[in-house]
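Q: Just passing along the structure, written as structure tokens.
Readers should treat all values here as calculations from the given coordinates under stated rules, not as data from a laboratory. Nothing here was measured: the structure is a model prediction, and the numbers come from that model. Note: ideal-geometry Cβ built from the backbone for every residue, glycine included; neighbour counts use all protein chains shown.
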């Protein structure tokens with residue numbers, strides 16, 4: 001008997017001496033020491049790839065969320081700098097604080113906060129007529145993610161995981177890269193009453209994106225033996241509890257974590273990428289904390305079959321909530337402009353943009369009137385978002401606001417409409433993606449939502 005077999009049998013004997021093994025499981029392990037890790041049927045089947053309702057235009061979503069409320073007036077819907085006056089004669093309105101110009105190919109006007117992204121606008125559909133779910137941060141952010149600003153509901157990523165499953169059993173179907181949590185906290189990627197294995201897996205940028213991902217032992221065969229034992233014990237425990245989705249989710253999470261010990265580090269290792277690719281994202285080698293790293297990892301996860309990838313941009317001050325001074329938007333925009341433009345370029349040159357729906361959003365816009373010396377307040381009545389790839393018409397502007405950016409004057413889009421459109425591009429009929437809970441059928445779009453067909457190619 002070689003040293004490896006000896007060590008494997010020593011593991012079993014040590015477990016036996018501690019009275020941790022039932023006789024049946026012991027004989028099973030000794031008879032088949034190299035058996036592959038078994039998955040829990042109740043969890044595993046739910047995560048297998050599922051057929052859509054109809055032929056999809058996109059296979060996956062990359063959702064970029066800028067928390068804090070990005071000013072539409074100072075970014076993607078610039079307004080004149082001419083100032084209005086209130087009854088007292090004091091300046092009240094404030095146009096775009098930053099210069100702006102048009103993309104030379106499609107004509108879309110974007111402020112100088114996003115020069116790199118402006119060059120990509122011929123690949124982007126800009127919606128200037130988005131209406132928020134609420135005017136307060138937490139409710140608006142949760143509403144953008146779940147469709148409900150007032151009740152606890154599953155997130156969009158969880159619904160998509162539930163509806164379509166995963167393309168890679170070695171990685172979670174829904175992953176969230178977030179250095180800090182946005183308003184609403186974990187609710188923005190929670191699964192709530194959906195089976196718990198559809199909740200987003202959070203990745204924190206840094207040297208170790210997911211804690212304890214590296215195996216504690218390099219002798220994988222011993223670890224495999226331990227996990228096979230654990231799997232058999234788990235399945236024995238689960239068998240009479242088939243309706244316990246929380247239990248099944250815990251078991252599945254450990255199984256996925258084991259698979260991720262190989263798949264995860266490889267996916268997060270951007271050092272494999274060329275210098276040219278790093279430059280495209282504005283990323284320095286060795287940097288694992290910037291938004292450029294987030295965007296490049298998003299492309300790598302998309303390539304590896306992750307169904308829904310969310311990147312949360314919380315900024316550095318710490319977010320886009322600029323009540324006192326709009327120039328605070330400048331460093332925040334600089335940190336994300338080139339990475340987002342690079343992501344679109346990279347997906348396109350690799351042939352992935354057509355099948356990847358990229359969505360950028362924030363929770364609401366900001367007021368055309370001043371707040372403080374040169375800031376703006378919260379404004380949910382209208383703001384801008386953009387989409388690219390995945391069957392969305394490129395190089396166009398949808399919707400329009402009035403001359404000061406206060407109200408929508410054409411083609412309003414609300415959160416339910418956005419969700420219905422995203423699901424549609426994935427081949428899902430939003431009225432048929434339902435889950436029975438507490439005596440009724442729930443869906444992401446509740447009883448609302450219409451597909452924004454004017455932006456579809």
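Q: Can you tell me the Rg and Dmax of the range 51-188, counting just the alpha carbons, in angstroms?
A: Both quantities, over Cα of the range 51-188: 19.2, 64 Å.
Q: Mind checking the alpha-carbon convex hull of the range 395-435 and giving the volume per residue in Å³?
A: Dividing the Cα hull volume of the range 395-435 by its residues yields 87 Å³.
Q: What distance in nm lies between label points placed 7 Å from Cα along the C-beta direction at residue 323 and residue 49?
A: 4.9 nm
Q: A further question on this structure: Restricted to Cα positions, what overall size does the range 388-457 have along the principal axes? Three whole-Å values, descending.
A: On the principal axes, the range 388-457 reaches 47, 27, 13 Å in Cα extent.
Q: How many angstrom lie between the C-alpha centres of the range 268-326 and the range 378-457?
A: Each part reduced to its Cα centre gives a spacing of 25 Å.
Q: In the calculated pair distance distribution of the range 306-389, what percentage of Cα-Cα distances lie above 15 Å?
A: Of the Cα pairs, 66 percent sit more than 15 Å apart.
Q: If you take every DSSP beta bridge fully contained in the range 321-457, what fraction is antiparallel? Give it as a percent rounded to 5.
A: Here the antiparallel bridges make up roughly 95 percent for the range 321-457.
Q: Another one. Given the convex hull of the Cα atoms of the range 350-419, what is a quarter of its surface area in nm²? Intermediate results must be reported in sequence, preceding the final value.
A: Values: hull surface 24.4 nm².
The orientation-averaged projected area of the Cα hull of the range 350-419 comes to 6.1 nm².
Q: While we're looking at this one, here's another question. Suppose R0 equals 56 Å; then what is the FRET efficiency for residue 431 and residue 272 from their Cβ-Cβ distance, rounded to the nearest 0.05? Don't jump to the answer; show the numbers that get you there.
A: Working: r = 43 Å, r/R0 = 0.76.
It comes out at approximately 0.85.
Q: Expressed as cubic angstrom per residue, what is the convex hull volume of the alpha carbon set of the range 114-177?
A: Roughly 167 Å³ of hull volume per residue.
Q: To continue, here is another question. Only counting other Cβ atoms within 10 Å, I'd like 106, 125 sorted with the fewest neighbours first. Working shown, then result.
A: On the way: 106 16, 125 23.
Sorted ascending by nearby Cβ count, the order is 106, 125.
Q: In nm, to one decimal, how far is the residue 186 label point from the residue 450 one, both placed 7 Å along Cα→Cβ?
A: Taking the two extended label points, one gets 3.9 nm.
Q: Related question: Describe numerically, in nm with one decimal, the distance between label points set 7 Å from Cα along Cα→Cβ at residue 279 and at residue 119.
A: It is 1.2 nm.
Q: Same structure again: Could you list 426, 343 in order of exposure, starting from the residue whose Cβ has the fewest other Cβ atoms within 10 Å?
A: 426, 343
Q: What order do you get for 114, 135 when you list them from fewest to most C-beta neighbours inside 10 Å?
A: Placing the least packed residue first, the sequence is 135, 114.
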